[in-house]
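Chemist: Just dropping this structure here.
The values are calculated or read from the model by the stated rules, or taken from the named source; none is laboratory data. All values derive from a computational prediction rather than experimental measurement. Methodologically, a virtual Cβ is constructed for each residue, glycine included, from the backbone with ideal geometry; neighbour enumeration extends over all protein chains shown. To get the accessible areas, we keep the full protein, side chains included, count just its heavy atoms, and leave off ligands, DNA and RNA. Shrake-Rupley method; radii C 1.70, N 1.55, O 1.52, S 1.80 Å.
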Amino acid sequence: MTMTTGQAVITVAAVVLGTMLTRFLPFLLFPANKPTPKYIQYLGKVLPCAVIGLLVVYCLKDISLLHWPYGIPEAIAIGVTALLHWWKRNMLLSIAAGTLVYMGLVQFVFV
């Protein structure tokens, strides 16, 4: 199934509009010359931790501790991520390293 030219133009326009809206809307709703509402400041403080917690639960929900590999690659990757973050305090570095370690373990070690 292929799109017609008109459908492709509408799709691209919708993606551009959605991207621009999500990029510009916060600046329109909360301009620099006005104080940011307290509830937005609160959400800015608690949502990053909540999202990370949600991702951890989602990533570990299907791990079986009773079957091979018993969650070993996940535990190693979590340990690498935690130790690297404790040592360097760089979230992107710790997440990237933990992901690479996990992918290496499941692709080459625990096959």
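Chemist: So if the hydrodynamic radius of the chain is defined as the Kirkwood radius over C-alpha pairs, what does Stokes-Einstein give as its diffusion coefficient at 4 °C and 1.567 mPa s, in µm² per second?
Modeler: Translational D for this selection: 71 µm²/s.
Chemist: Here's something else I'd like to know. Round to the nearest 10 and report in Å² the accessible area of L65, as given by a 1.4 Å probe over the protein chains' heavy atoms.
Modeler: In the full protein context, L65 sits at about 120 Å².
Chemist: Continuing with this model, one more query. Measure nothing but the geometry: give the 0 to 90° angle between the long axis through the Cα atoms of 5-29 and the longest principal axis through the Cα atoms of the chain, rounded to 10°.
Modeler: Approximately 90 degrees, to the nearest 10.
Chemist: With a/c under 1.5 counting as rounded, go ahead and sort region 1-52 into rounded, prolate or oblate using the C-alpha gyration tensor (a ≥ b ≥ c being the square roots of the eigenvalues; past the cut-off, prolate if a/b is larger than b/c, else oblate).
Modeler: Oblate is the answer for region 1-52, as a/c is 1.5 or above yet b/c matches or exceeds a/b.
Chemist: In whole percent, what relative contact order does the chain give with Cα contacts below 8 Å and a gap of six or more residues?
Modeler: Worked out over the chain, it gives 15 percent.
Chemist: Tabulate in residue order the Karplus-calculated ³J(HN,Hα) for region 65-70, using 6.51 cos²θ - 1.76 cosθ + 1.60 with θ = phi - 60°, rounded to whole Hz; enter x for Gly and Pro.
Modeler: Karplus values, whole Hz, x for Gly and Pro: 7, 9, 10, 4, x, 6.
Chemist: Might you work out the accessible area of M103 for me, using a 1.4 Å probe with all protein chains in place, and round it to the nearest 10 Å²?
Modeler: The value for M103 is about 90 Å².
Chemist: Sticking with this one: Where a ≥ b ≥ c are the square roots of the eigenvalues of the C-alpha gyration tensor, would you call region 47-111 rounded, which needs a/c under 1.5, or, failing that, prolate if a/b is larger than b/c, or oblate?
Modeler: It is oblate, given that a/c is not under 1.5 and a/b is not larger than b/c.
Chemist: So, one more: What ³J(HN,Hα) values, in whole Hz, does the Karplus curve 6.51 cos²θ - 1.76 cosθ + 1.60 give for region 43-55 when θ = phi - 60°, with x put for Gly and Pro?
Modeler: Karplus-based 3J(HN,Hα) across region 43-55 equals 4, x, 8, 9, 5, x, 5, 5, 5, 4, x, 4, 5 Hz.
Chemist: Moving on to the next point. Test of the criteria: in region 1-100, which trypsin sites (Lys or Arg not before Pro) are in a DSSP loop and have at most 14 other Cβ atoms within 10 angstrom of their Cβ?
Modeler: K61, R89
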